[in-house]
Amino acid sequence: MTRTTLEAGVTRRDVLKVAGLTGLGAALYASGLERWLPRALTAEATNQVPFYGKYQAGILTPPQNHVQIVAFDVQTTRRDELIDLLKRWTRACARLTAGLPLGDSDSLYVPPEDTGEAEGLSASHLTFTFGCGHGLFADDRFEIGHKRPNLLRELPAFDLDQLDPKWAGGDLVVQICADDQQVVFHALRNLTRIGRGIVKIRWTQTGFQRSKAADATGGTPRNLFGFKDGTGNPDVSQPAIRNKHLFYQWQDGSPWMTNGSFLVVRRIQMHLEVWDRTILKEQERTFGRDRASGAPLGSKDEFASVTPSKRTARGEASLPKDSHTAVAHGSGEAQLLRRSYSYQAGINETTGALDAGLLFLSYQRSPEQFITIQRRLAASDRLNEYITHRGSALFACFGGIQKGGYIGDALFA
Ligand code: HEM
């Protein structure tokens, strides 16, 4: 078969497969308007989030139902092999996010190009967000040692941390999100398969949130302690706020990271048994928020501004000083974009208690934003009684990938 290549290695046959049943694809081909096809089929029709753009998808994208974070160690010591892998991953991601299989060879005499479990499923808002850890720069093995941003190093130890090294580090990271867990797994499996011999999985963690479909109002999702989580995020739809808090700028020192962002991953166990025995008033004092509405104590509206100085009629602080909201907010200067998910990982073998918690993910222009807030929280957050930090990693995520380019190309230029 002659394969006429469209965007992202997408063939006519692929496009017709995606458009197929609606008849739209065939009609557009017949009229010679096929170049409009990908655009005509975006968003609602195909549940696609564009892979290419100024920023990587998966940061500003409204959180999908599922996440899988995977950290890889790079095994090869050859720069050209690593670059070749990033190019092959780019092609794969462009296809998968377009809802296409990795290939369409029907030969019975070679293993299928695609593992097949996502056949018939939509793109499900699949996104990939790639970044690198400080280990990628070590020993200058890929001739990029001099390009390590100063801020990309181990996060400092915080009081109360009980970190397990199995959730730390990694040369490369990929945050994979989608509304269908099978689509997420398929993506992870195929990236790993493509990378075999060049990279090896170091750790992977999955997370979930309540399905968007189950909440027609699209309200703020709740965490496993039953509270709305994400209310106080900065409004990153505003360019000025995005530039101040979220995306790295060239003048920050490492031009290759422009429009990228630092990703912090913390695995935080939540002690559900203890929480479930805690009276509601104390639960609300712990977060400093009303459980039902999500409003800061002393206010009625979920999105009311957080004012730690606000007093009740009796002169007491409405928002307890040591509540999570008050301590995290501080003066309001350090902000970050939280994009966290819940996790559950079976039981603690010794106690039989559920091992569950928050897969805390935050994006920020500089790791200092996270460090400032976490230092305050570790020192005086009332929530500390109910949680334990078990895992920690920091990555520098690349700027957006441009058509014709590849993941991380600015770093290797
Ligand atoms: C299991 C651990 C955690 C839980 C259950 C949790 C939950 C919450 C909840 C329910 C809120 C209030 C609603 C909202 O604004 O989203 C909140 C706010 C916040 N949390 Fe956490 N959080 C956790 C860990 C952390 C960590 C590790 C950080 C960063 C170091 C953090 C930073 C923040 C910030 C910045 C706010 C907004 C404060 C403001 O209103 O300005 N949280 N969190």
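The values are calculated or read from the model by the stated rules, or taken from the named source; none is laboratory data. All values reported here derive from a predicted model rather than from experimental measurement. Methodologically, a virtual Cβ is constructed for each residue, glycine included, from the backbone with ideal geometry; neighbour enumeration extends over all protein chains shown. The area values use the complete protein model at the heavy-atom level, side chains included, leaving out ligands, DNA and RNA. Shrake-Rupley method; radii C 1.70, N 1.55, O 1.52, S 1.80 Å.
Listed values, structure above:
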item: Residue within region 364-376 that is closer than 23 Å to GLY207 by Cβ and among the small types (Gly, Ala, Ser) present; result: no
item: Number of positions in region 246-289 that are free of Cβ contacts under 8 Å to residues at least 60 places away in the same chain, within 15 Å of the ligand (Cβ to nearest atom) and in a helix (DSSP H, G or I); result: 5
item: Within region 296-306, considering residues that are buried (at least 18 other Cβ atoms within 10 Å of the Cβ) and within 10 Å of the ligand (Cβ to nearest atom), the one nearest to PRO234 (Cα to Cα); result: VAL306
item: Pairs where the first residue, in region 62-84, is more than 15 Å from LEU188 (Cβ to Cβ) and the second is of a type in the set (Ser, Thr, Tyr), C-beta under 7 Å, 6+ apart; result: ASN65/SER211; LEU82/THR76
item: Residue among LYS300, LYS321 that alone is among the basic types (Lys, Arg), free of Cβ contacts under 8 Å to residues at least 60 places away in the same chain and under 19 Å from LEU383 (Cβ atoms); result: LYS321
item: Matching entry among SER261, SER323, SER309, SER340 (being open to solvent by less than 50 Å² (accessible area, probe 1.4 Å), farther than 24 Å from PHE130 by Cβ and assigned by TED's automatic domain parsing to the domain that holds ASN243); result: SER323
item: Residue in region 362-382 that is more than 23 Å from PRO156 (Cα to Cα) and either part of a strand (DSSP E or B) or within 13 Å of the ligand (Cβ to nearest atom) (or both) present; result: no
item: GLN344, sole failed condition from (1) in contact with a strand residue (DSSP E or B) (Cβ under 6 Å, 6 or more places away or on another chain); (2) more than 10 Å from the ligand (Cβ to nearest atom); (3) outside any strand (DSSP E or B); result: (3)
item: Meets criteria (open to solvent by 40 Å² or more (accessible area, probe 1.4 Å), in the same structural domain as TRP167 (by TED's automatic domain parsing) and under 19 Å from the mean Cα position of the chain (by Cα)) for PRO111; result: no
